[in-house]
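I have placed the structure first, in the form of structure tokens, so that the comments after it can refer back to it.
Derivation of every value follows stated rules applied to the coordinates shown; laboratory data play no part. Since the structure is predicted, the reported quantities are computational estimates derived from the model, not experimental observations. All Cβ positions, even for glycine, are placed from backbone atoms using ideal geometry, and neighbour counts span all protein chains on display.
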Amino acid sequence: MKLYTIQEVFEEAIGTEFEVVGNMKTIKVADGVQGRILCWSNGEKALLSEVTIAAKFIKIPKPVSFMDVVNSDKKCRIEHELVDNEIYEKEYHDFREVIRVMTTWYSTKELKQVIREGKWYLE
């Protein structure tokens, strides 16, 4: 799990959400009048202070479509009831490796089900 600095958070896409280590709230990158801003989960603008600047952040992953994974060069992971959660739900792997394992272990019907119903994530 990668920890992000405040500078790295600002470099992420608008709408990206982060957990703030040691804080119950989440923070989101938003579009402000003079550039990017950070907003708390309740929509309130986050004020930058020594604590905020020194904080560490964990990106909250958002599922993407299977086609987004196919068209990306990034590593991926998948969540589905048929998938071994100890390996493929927690770690990111090369797409080719994920497909190789799934075509080895799953029937055609199961493979289609995982592709169709699974939650896919990019690193």
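Among the listed pairs 2/45; 62/112; 59/109; 59/112; 25/90; 56/112, those with a Cα-Cα distance over 27 Å are 59/109; 59/112; 56/112.
The angle between the Cα long axis of helix 95-105 and the longest principal axis of the Cα atoms of the chain comes to about 40 degrees, rounded to the nearest 10. The length gained by stretching the chain between residue 41 and residue 105 to full extension, at 0.36 nm per residue less their Cα-Cα distance, is 19.0 nm. Per-residue extension of 0.36 nm, minus the Cα-Cα distance of residue 84 and residue 112, leaves a gain of 8.5 nm for this segment. Taking one quarter of the surface of the C-alpha convex hull of the range 66-122 gives a mean projected area of 3.4 nm². In order along the range 62-71, phi translates into HN-Hα couplings of 10, x, 10, 6, 4, 5, 4, 5, 4, 8 Hz, rounded to whole numbers, per the Karplus curve 6.51 cos²θ - 1.76 cosθ + 1.60 with θ = phi - 60° and x for Gly and Pro.
In terms of its Cα atoms, the range 3-60 spans 29, 22, 20 Å along the principal axes, sorted from long to short. Annotation: for a label point projected 7 angstrom from Cα along Cα→Cβ of residue 50, residues of the range 1-34 with backbone N closer than 18 Å are 6.
Seen against the Cα atoms of the chain and their longest principal axis, helix 108-117 is set at about 10 degrees.
Computed from the C-beta positions of residue 23 and residue 74 and an R0 of 35 Å, the FRET efficiency is 0.80 to the nearest 0.05. Of the Cα atoms belonging to the chain, the radius of gyration and Dmax stand at 17.5, 54 Å.
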